[in-house]
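Take a look at the structure below.
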């Protein structure tokens, strides 16, 4: 078994805060280079849009399903393999849907962060 | 039967020792390897997350409250989607290990940091007490000892494990714990389904209200319970010969066993509904006539509260970078989804085979009580032992994680101290939790855990979401919003627990406040922030959280992405 080198993970903020506490000097305020700020602003906007879409779908699932089950008590009588459909809708259905939502959101979030390509160059 | 937990302790300690050995040089508990793959890390997150509430509480709530309780695990798993979409990657990039760290990094306020540490304590204690309660109940069931013995043993086990060296330090331990819990939960479930036979299987899917005892049934009341008997009932009370009880109210003393005769009508307990009834079988939470509101409120709490659980956030820091943290969150959704397919099996079988647990107040023990009911031979005993081990693994993983977070908040943020004190605080905190748990026997594990989620959703969720996505958030706005959120969640739940709310709408509004307390906290934070001006560097402080680490030609992220060791 090869031994991997490990390093202690202390949060940089904790380190800064501790340093500040010791010396009494506040931590340096954060700053960004103009190019980075521009790129960050663009990513922030896109990621926010992606996040809001996926959260909207999640809300539709989690708020809509109970509403549907209350509005349609007949689903208790419909059975699939002997199990009431309304039970399946709570006990089984949400999990694959959640996994798919997670996968989709991950894909889109990672695509947003891909390095910028020069205009006109395609993958 | 207590011997079942010994292998769990030994194996976790062993893996812990192997994993920790390489890191012994670091002085802090808060250490990790940087080169953990997202899958292993996701298993570790799941291992830390699957507490006694998931392992025992959900099935118990199904027996007690009905099929609608299966919404709890849906909320528990869906929380990671919100985590993935809004929090995981940016939070990892701040380098903040805890919410107090994040508060200071993003808003530069010492006061906010201390307030966050207080909230960490509130959440952790709300989460810890039911873990100990569950451990105490399980040990009481499998060994027949009184409840307090179980709680004290659980406290001792945690303290010993902690003093032997913070086993949780290794991600591998938690990943192993997840695999262990998954196997120990799924294998007995499949065995149970095969073993019970077609009649019970059909009964589980077509529940009949539990109105008469089918056979002579001993009910061991763990707590003082008031029974309402509506029809003449044959029962033998506490070892006395059988007698005919006339309709009326009876007080069953805690610790006594009543043997109800075959065919005797089932007495009523409180306002609860006996398992199997029509209301019980409806797949929504319905404590008092407002099923949609009650279900939504629980879902809002669990889904938005996940991101505020302090012991989970620390785990995300083990990822190499923001991208890894995001992948971890996404994989966690899948892993939890597999586990949460199974509590339903225990709950539905329990409602058919052990409905009397609803009378005795022991529904949280249904998972460990089932194998012995199905099979009296050594096989049943073996599966009881396996499930006990799994429940104890769940209890240990979550409790240790939370106790370390508590001691971190105390020693690091509230009472600055040395490492020596950090080593001692978890044990002191464990002692406090044991004392609280001794008094909390009556409370459902799943319900108290959900109130921890409600507090997290009303305080840390707005702080994290607005802090990460809204540059205009001010420290003042965050402080006022958190205080409002804390009062409207923890304060209101506390009032509800102590005074008791009238059933119906007030019970939902007070007992499960997330549906209104979360929007209130968000609104307060936004409005107070809009009245002030954020410092000039606020926009940069927010934007840098969204900058991925892997782009070329930048020096600005040196602080936030330390070079990987190789």
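Data table
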{"read-out": "Principal axes of chain B: Cα extent on each, largest first, Å", "value": "83, 51, 41"}
{"read-out": "Amide N proximity, the stretch B:284-316 versus residue B:209 label position 7 Å along Cα-to-Cβ, cut-off under 17 Å", "value": "B:286-289"}
{"read-out": "Semi-axis lengths, Å, the stretch B:344-443, gyration tensor of Cα atoms, sqrt of 5 times eigenvalues", "value": "38, 15, 10"}
{"read-out": "For the stretch B:137-251: rounded, prolate or oblate by the Cα gyration tensor [a/c cutoff 1.5]", "value": "oblate"}
{"read-out": "Cα-based shape type of the stretch B:440-552, given that a ≥ b ≥ c are square roots of the gyration tensor eigenvalues and the cut on a/c is 1.5", "value": "prolate"}
{"read-out": "Averaged over B:458-470, number of beta-carbon atoms from partner chains that fall within 10 Å", "value": "1"}
{"read-out": "Chain B: relative contact order as a whole-number percent, Cα under 8 Å and 6+ apart", "value": "28 percent"}
{"read-out": "Packing-based order for B:146-154, B:526-534, B:463-471, B:312-320, using average beta carbon neighbours within 10 Å, highest first", "value": "B:312-320, B:463-471, B:146-154, B:526-534"}
{"read-out": "Whether the stretch B:217-269 is rounded, prolate or oblate, judged on the alpha carbon gyration tensor where a/c under 1.5 counts as rounded", "value": "oblate"}
{"read-out": "Between the stretch B:176-195 and the stretch B:343-387, the Cα center-to-center distance that results, in Å", "value": "14 Å"}
{"read-out": "Residue list for the stretch B:191-228, given a label point 7 angstrom along the Cα-to-Cβ vector of residue B:377 and an amide N cut-off under 18 Å", "value": "B:191-198"}
{"read-out": "Spin-label pair residue B:338/residue B:111, simplified geometry with 7 Å Cα→Cβ offset, distance in nm", "value": "4.9 nm"}
{"read-out": "Cα centroid of the stretch B:456-524 to Cα centroid of the stretch A:35-69, whole Å", "value": "22 Å"}
{"read-out": "Per principal axis, descending, Cα span of the stretch B:39-81 in whole Å", "value": "35, 20, 10"}
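FYI, it's all coordinate maths here, none of it is from the lab. All values reported here derive from a predicted model rather than from experimental measurement. Ideal geometry is used to build each Cβ from the backbone, glycine not excepted, and the neighbour counts take in all protein chains shown.
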